[in-house]
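The values are calculated or read from the model by the stated rules, or taken from the named source; none is laboratory data. Only a predicted model underlies this, so the values are computations on that prediction, with no experimental measurement involved. Positions of Cβ are generated from backbone atoms using ideal geometry, with glycine treated the same way; all protein chains shown enter the neighbour counts.
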């Protein structure tokens, strides 16, 4: 889907922001079943999207956002089965305790006492309203576990310490930037994933994240060539500033008798959107 189609489908506004747990990068990267940049990026983008859909009650508001439709949003054919092992019931995201498969979904939300987020669920509706909504008998959604419970312990104790309630150690997901990137065939899910990883690192390193290609590859699972391709593309589109730190004298000679050492690039995320 292109940007125009995504805007029409998702109908976002400027305030529809959510926060994603920083540990998602490590958790996804460490999953033995996610081997390629494509599968890692899809998993990250999928979790961001289903969290957004839940938070802003997009299900049943004109579209039900089936798994087939979500695949199309992320640049795949709806009937593509190659990534189902990630999103199916008891798939990778369920096993990582990031999602649960369920039928119930939020219809509306309000901010209650102490600024606590409360949802009205499909199960709360009367029969007449349910008939109007006309939900398919086979329809299911993915419940974003980390948005409600950050740890297994808090989930067992039913303690709401997730990213809908506490944004400590998180990074921002902006739906409008998501649409701009994922709706751009050149950038897509891999480009957005790399951008979000660098955004997370920029939150930690305020002057920009200085890192070698080799280290960045080991951290996020994207190959050196892919990093070079997408970082250059993101820079050309105005999302990223890539600073080439060049060569410096480190006072040690290498095998060629040269004391010049090439320093890694610094990546500064530019807030756009």
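Being within 22 Å of residue 227 (Cβ to Cβ), in contact (Cβ under 8 Å) with a residue 12 or more places away in the chain, part of a loop (DSSP other than H, G, I, E, B) and in the same structural domain as residue 137 (by TED's automatic domain parsing) narrows it down to one of 39, 31, so name that one.
Only one candidate passes the filter, namely 31.
On the given criteria, is residue 189 closer than 26 Å to residue 145 by Cβ and modelled with pLDDT of 95 or more?
yes
Does residue 104 satisfy being out of contact with any helix residue (DSSP H, G or I) (no Cβ under 8 Å at 6 or more places or on another chain) and assigned by TED's automatic domain parsing to the domain that holds residue 121? Walk me through how you get there before you give the answer.
Working: out of contact with any helix residue (DSSP H, G or I) (no Cβ under 8 Å at 6 or more places or on another chain): no; assigned by TED's automatic domain parsing to the domain that holds residue 121: yes.
The answer is no for residue 104.
Only one residue in 49, 69, 9, 53 is assigned to a helix (DSSP H, G or I) and more than 28 Å from residue 220 (Cα to Cα), so which one is that?
The conditions single out 9.
For residue 162, only one of the following conditions fails: (1) surrounded by fewer than 13 Cβ atoms within 10 Å (Cβ to Cβ); (2) touching a residue at least 12 places away in the same chain (Cβ under 8 Å); (3) under 22 Å from residue 90 (Cβ atoms). What is its number?
In the conditions (1) surrounded by fewer than 13 Cβ atoms within 10 Å (Cβ to Cβ); (2) touching a residue at least 12 places away in the same chain (Cβ under 8 Å); (3) under 22 Å from residue 90 (Cβ atoms), residue 162 misses (1) alone.
Go through the stretch 26-47 and count every residue that is surrounded by 21 or more Cβ atoms within 10 Å (Cβ to Cβ) and in contact with a strand residue (DSSP E or B) (Cβ under 9 Å, 6 or more places away or on another chain).
3
Looking at residue 8, is it surrounded by 14 or more Cβ atoms within 10 Å (Cβ to Cβ), without any contact (Cβ under 8 Å) to a residue 40 or more places away in the chain and under 30 Å from residue 132 (Cβ atoms)?
The answer is no for residue 8.
Which count do you get for residues in the stretch 72-108 that are within 25 Å of residue 12 (Cα to Cα), out of contact with any strand residue (DSSP E or B) (no Cβ under 6 Å at 6 or more places or on another chain) and either at pLDDT below 95 or not in a helix (DSSP H, G or I) (or both)?
Within the stretch 72-108, residues that are within 25 Å of residue 12 (Cα to Cα), out of contact with any strand residue (DSSP E or B) (no Cβ under 6 Å at 6 or more places or on another chain) and either at pLDDT below 95 or not in a helix (DSSP H, G or I) (or both) number 8.
Is it true that some residue in the stretch 93-101 is touching a residue at least 60 places away in the same chain (Cβ under 8 Å) and closer than 24 Å to residue 7 by Cα?
Checked the stretch 93-101: no residue is touching a residue at least 60 places away in the same chain (Cβ under 8 Å) and closer than 24 Å to residue 7 by Cα.
Would you check if there is a residue in the stretch 228-239 being under 16 Å from residue 195 (Cα atoms), more than 19 Å from the chain's Cα centre (by Cα), outside any helix (DSSP H, G or I) and modelled with pLDDT of 85 or more?
yes
Could you tell me whether residue 149 is more than 30 Å from residue 8 (Cβ to Cβ) and crowded, with 19+ Cβ neighbours inside 10 Å?
yes
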